[in-house]
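Engineer: Mind looking over this structure? Questions follow.
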Amino acid sequence: MTGLPHTPRSVLVTGGAGFIGANFVEHLLDKDQNIRVTTLDALTYAGSIDNLRNVMSNLRHRFTNGDITDADLVKRVFAEDEIDTVVHFAAESHVDRSITGPAAFVHTNVVGTFTLLEAARSAWPARKDVRFHHVSTDEVFGSLSESDPPFSEVTPYSPNSPYSASKAGSDHLVRAYHHTYGLPITITNCSNNYGPYQHAEKFIPTVIRSALAGKPIPIYGAGLNVRDWLYVTDHCTAIDAVIRRGRVGETYLIGGRSERRNIDIAREICGILDEKSPPKKGLYSDLLTSVTDRLGHDFRY
């Protein structure tokens with residue numbers, strides 16, 4: 001990265017009560033004692049105020065309960081907190097939910113991103129000492145075969161779910177606001193995260209929770225789908241580096257270089273649990289249960 005350095009001082013973190021957002025808020029406040037953080041979150045199923053319990057008493061942190069599609073609220077936050085940096089996590093991100101209810105994904109991920117971009121454009125006319133950072137996903141690139149090389153920054157977009165399509169749309173909007181209006185932006189696309197505060201519906205928490213409860217551990221199909229796994233605090237460190245040192249207008253991919261099949265991840269977790277909290281009988285892997293595969297399930301990211 002060879003961009004001109006950016007020094008964030010007043011940061012708006014959207015979706016900061018969610019999994020990755022909450023970890024990023026903690027990271028910022030711990031790393032930089034001169035930074036102020038405003039967390040904006042609607043506290044839907046994906047966000048919890050409890051995720052911010054470690055920072056709520058921090059005088060450099062302010063929490064605002066609100067929706068990124070509320071244009072008046074977003075403009076007020078920009079003005080009152082003198083925002084110079086946006087880190088945009090807020091999104092509907094559960095693929096299964098996007099299949100059964102896609103409208104919410106278009107509204108939040110596309111309309112919400114548009115609302116934020118308009119607020120930034122209005123608040124920062126011609127300013128270069130600001131940054132709008134958009135957090136996206138590897139799912140916008142579609143699916144890889146077993147032998148394909150990994151995604152790169154020039155991989156064509158080919159989203160396959162309503163979730164990934166809505167994220168692709170928001171990526172294009174962010175890029176368009178840079179090229180059309182000169183808004184200083186950066187974008188990152190990450191692989192599958194895991195770690196503290198992850199929502200219970202996600203794959204790794206589901207395996208752990210089901211195993212400890214002695215319930216069937218659901219595995220889509222034969223569990224052969226492959227994901228690259230990235231620990232959430234490593235992701236936060238990388239985002240911070242892009243914001244401070246990334247080149248304006250550029251996209252950066254963040255991965256863990258740790259590709260695993262879903263079934264192998266589940267078996268590894270079961271083995272760890274066998275040692276840490278032995279079941280009353282058998283092995284936790286005995287609970288692994290194949291369920292009907294997800295519609296349009298991408299094979300590999």
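The values are calculated or read from the model by the stated rules, or taken from the named source; none is laboratory data. Everything quoted here is computed from the prediction, not taken from an experiment. Every residue, glycine as well, gets a Cβ built from its backbone with ideal geometry; the counts of neighbours run over all protein chains shown. Heavy atoms of the whole protein, side chains included, go into the accessibility calculation; ligands, DNA and RNA do not. Shrake-Rupley method; radii C 1.70, N 1.55, O 1.52, S 1.80 Å.
Engineer: Output wanted: per-residue J couplings in Hz (rounded whole) for region 29-39, from phi through Karplus 6.51 cos²θ - 1.76 cosθ + 1.60, θ = phi - 60°, x for Gly and Pro.
Structural biologist: Each residue of region 29-39 in turn: 5, 6, 6, 10, 6, 9, 9, 10, 10, 10, 9 Hz.
Engineer: Based solely on its DSSP helices, what 222 nm [θ] is calculated for the chain when runs of n ≥ 4 H residues each add -39,500 (n - 2.57) and the sum is averaged over all residues, nearest 500 deg cm²/dmol? Kindly include the intermediate steps, with their values, before the conclusion.
Structural biologist: Numbers: 9 runs with 104 residues, N = 301.
After summing the helix terms and dividing by residue count, I get -10500 deg cm²/dmol.
Engineer: Quick check on packing: order 209-220, 181-192 by the mean number of other C-beta atoms within 10 Å, highest mean leading.
Structural biologist: Going from most to least packed, we get 181-192, 209-220.
Engineer: Using 31 Å as the Cα-Cα cut-off, could you pick out the over-long pairs in 128/167; 31/202; 202/281; 128/202?
Structural biologist: Numbers: 128/167 26 Å; 31/202 28 Å; 202/281 26 Å; 128/202 38 Å.
Those over the limit are 128/202.
Engineer: While we're on this one: Each residue of region 100-113 in order: what ³J(HN,Hα) in whole Hz does its phi give by Karplus 6.51 cos²θ - 1.76 cosθ + 1.60, θ = phi - 60°, with x for Gly and Pro?
Structural biologist: Karplus-based 3J(HN,Hα) across region 100-113 equals 8, x, x, 4, 5, 6, 5, 5, 6, 6, 9, 5, x, 5 Hz.
Engineer: Can you tell me which of 281-293, 235-247 comes out highest on packing, and rank the rest after it, using the mean Cβ neighbours within 10 Å? Write down the numbers at each step before the final one.
Structural biologist: Numbers: 281-293: 14.0, 235-247: 19.0.
Highest-to-lowest ranking by the protection proxy: 235-247, 281-293.
Engineer: Determine the shape class of region 143-301: with a ≥ b ≥ c the square roots of the Cα gyration tensor eigenvalues, call it rounded for a/c under 1.5, and otherwise prolate if a/b is greater than b/c, oblate otherwise. If you can, show how the numbers build up before the last one.
Structural biologist: On the way: a/c = 2.67, a/b = 1.98, b/c = 1.35.
Because a/c hits 1.5 or more and a/b exceeds b/c, region 143-301 counts as prolate.
Engineer: Pick out, in residue order, every one of the chymotrypsin sites (Phe, Trp or Tyr not before Pro) in region 1-47 that is DSSP loop and has at most 14 other C-beta atoms within 10 Å; say none if there are none.
Structural biologist: Numbers: sites: 19, 24, 45; in loops: 45.
Here the sparse-neighbourhood loop sites are 45.
Engineer: Are there GluC sites (Glu not before Pro) in region 126-211 that DSSP puts in a loop and that have at most 11 other Cβ atoms within 10 Å, and which ones?
Structural biologist: Within region 126-211, the qualifying GluC sites (Glu not before Pro) (loop, at most 11 other Cβ atoms within 10 Å) are 146, 153.
Engineer: Each residue of region 114-128 in turn: what ³J(HN,Hα) in whole Hz from Karplus with 6.51, -1.76, 1.60 and θ = phi - 60°, glycine and Pro shown as x?
Structural biologist: Residue by residue, region 114-128 yields 4, 4, 5, 4, 5, 5, 5, 4, 6, 7, 10, x, 6, 7, 10 Hz.
Engineer: Considering Cα pairs under 8 angstrom that are at least six residues apart, work out the relative contact order of region 1-90 and quote it in whole percent. Could the numbers behind the result be given before it?
Structural biologist: Details: 153 pairs, mean separation 35.6, N = 90.
Computed over region 1-90, the figure is 40 percent.
Engineer: Quick check: net charge around residue 22, other residues with Cβ under 13 Å of its Cβ, Lys/Arg +1 and Asp/Glu -1?
Structural biologist: Values: positive: 53; negative: 26, 30, 41, 50.
For residues surrounding residue 22, the net value is -3.
Engineer: May I ask you to derive the FRET efficiency for residue 297 and residue 127 from their Cβ-Cβ distance with R0 = 45 Å, giving the value to the nearest 0.05? Working shown, then result.
Structural biologist: Values: r = 43 Å, r/R0 = 0.96.
Efficiency, rounded to the nearest 0.05: 0.55.
Engineer: State, to one decimal in nm, how far the label point of residue 272 lies from the label point of residue 31, with both points 7 Å from Cα in the Cβ direction.
Structural biologist: Result for the modelled spin labels: 2.4 nm.
Engineer: Still on this model: What does the charge add up to near residue 116, with Lys and Arg as +1, Asp and Glu as -1, over the other residues with Cβ less than 12 Å from its Cβ? Don't jump to the answer; show the numbers that get you there.
Structural biologist: Details: positive: 75, 121; negative: 67, 70, 118.
Around residue 116, the charge tally is -1.
Engineer: Between the helical axis of 262-276 and the dominant principal axis of the chain, each derived from Cα atoms, what acute angle in degrees is found, rounded to the nearest 10?
Structural biologist: Taking the Cα atoms of the chain, the angle to 262-276 is about 70 degrees.
Engineer: Starting from the amide H of residue 136, placed 1.01 Å from N in the peptide plane, find each other amide H under 5 Å away whose residue is 5 or more places distant or on another chain.
Structural biologist: 188, 189, 190
Engineer: Taking square-rooted eigenvalues a ≥ b ≥ c of the alpha carbon gyration tensor, is the chain rounded, prolate or oblate, where a/c under 1.5 means rounded and, failing that, a/b exceeding b/c means prolate? Show your work: numbers first, answer last.
Structural biologist: On the way: a/c = 1.94, a/b = 1.57, b/c = 1.23.
In terms of gyration-tensor shape, prolate.
Engineer: Give the long-range amide H neighbours of residue 247: residues separated by 5 or more places, or on another chain, with amide H under 5 Å away, using H modelled in the peptide plane at 1.01 Å from N.
Structural biologist: For residue 247, the qualifying residues are 2, 3.
Engineer: What percent does the relative contact order of the chain come to when contacts are Cα pairs within less than 8 Å and at least six residues apart?
Structural biologist: Values: 576 pairs, mean separation 61.6, N = 301.
With pairs under 8 Å counted, the relative contact order is 20 percent.
Engineer: In whole percent, and with a 1.4 Å probe on the protein chains, what portion of the accessible area of the chain is carbon and sulfur?
Structural biologist: 53
Engineer: Using amide H atoms built 1.01 Å from N in the peptide plane, name the residues 5+ places from residue 38, or on other chains, whose amide H lies under 5 Å from its own.
Structural biologist: 11, 12, 13, 62
Engineer: Determine the per residue accessible area of region 56-181 with all protein chains present and a 1.4 angstrom probe, expressed in square angstrom.
Structural biologist: With all protein chains present, region 56-181 gives 46 Å² per residue.
Engineer: Another one. For the chain, take the longest principal axis of its alpha carbons; what is the angle in degrees between that and the long axis of helix 232-245, to the nearest 10 within 0 to 90?
Structural biologist: So the inclination is approximately 20 degrees.
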